[in-house]
């Protein structure tokens, strides 16, 4: 990316810090709130909304149609698939992967992650899953079913306890 392209990216998103703009791609129709920081080698696809004061780590892929609330931290190496919703004040650990299809021809809903939720590093979130508000998901967990609000879940498959 040349100097003009970097300048254009910074001008397009005021009060947003790109740690290395020439190694970051932001596609069309993306909204990024003030105070947000975006790491290097990150791809933000079209039709994404990111709230204020968020952190998107390096080597992340944020797919089309994702909605991210305010004060969300997404750590390095995460893959957030199309249509995922992440509530405000949440933490997504490094290497977390969300999924939005089980079968090539299926019509499956993407995961929904509530507010004030913490997801440990290396976890996988399957499609059609809702993780409630104030939930803690242990590192390396495989979430295949809904997790109710105000609970903890861990394991493969993740089992919740209140």
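Taking the range 26-42 as the range and being exposed (fewer than 14 other Cβ atoms within 10 Å of the Cβ) and over 15 Å from the mean Cα position of the chain (by Cα) as the test, the residues that pass are 27, 28, 29, 34.
Among residues of the range 34-49 that are assigned to a strand (DSSP E or B), those with a Cβ under 6 angstrom from a residue that is at pLDDT below 95, sequence gap 6+ or separate chain, pair up as 37/17; 38/18; 38/24; 43/25; 44/26; 44/30; 49/31. Taking the conditions (1) assigned to a loop (DSSP other than H, G, I, E, B); (2) buried (at least 17 other Cβ atoms within 10 Å of the Cβ) in turn, residue 153 satisfies each one other than (1). Scoring residue 127 on the criteria (1) farther than 28 Å from residue 34 by Cα; (2) surrounded by 17 or more Cβ atoms within 10 Å (Cβ to Cβ); (3) at pLDDT below 95; (4) in contact with a strand residue (DSSP E or B) (Cβ under 6 Å, 6 or more places away or on another chain) leaves a single failure, condition (4).
Yes or no: residue 139 out of contact with any helix residue (DSSP H, G or I) (no Cβ under 8 Å at 6 or more places or on another chain), surrounded by 18 or more Cβ atoms within 10 Å (Cβ to Cβ), more than 15 Å from residue 87 (Cα to Cα) and at pLDDT 95 or above?
Details: out of contact with any helix residue (DSSP H, G or I) (no Cβ under 8 Å at 6 or more places or on another chain): yes; surrounded by 18 or more Cβ atoms within 10 Å (Cβ to Cβ): no; more than 15 Å from residue 87 (Cα to Cα): yes; at pLDDT 95 or above: yes.
So residue 139 does not fit the description; no.
Residue pairs whose Cβ atoms lie under 8 Å apart, sitting 6 or more positions apart in sequence or on different chains, and linking a residue in the range 81-100 that is at positive phi and modelled with pLDDT under 95 to a partner that is surrounded by fewer than 18 Cβ atoms within 10 Å (Cβ to Cβ) and part of a loop (DSSP other than H, G, I, E, B), are 83/64; 83/65; 83/109.
Being out of contact with any helix residue (DSSP H, G or I) (no Cβ under 9 Å at 6 or more places or on another chain), at pLDDT 95 or above and in a loop (DSSP other than H, G, I, E, B) is the requirement here; does residue 106 meet it?
On the way: out of contact with any helix residue (DSSP H, G or I) (no Cβ under 9 Å at 6 or more places or on another chain): yes; at pLDDT 95 or above: no; in a loop (DSSP other than H, G, I, E, B): yes.
Taking the combined requirement at face value, the residue does not satisfy it.
The values are calculated or read from the model by the stated rules, or taken from the named source; none is laboratory data. As the structure is a prediction and not an experimental result, all values here were calculated from the model. Glycine also receives a Cβ, built like all others from the backbone with ideal geometry; neighbour counts cover every protein chain displayed.
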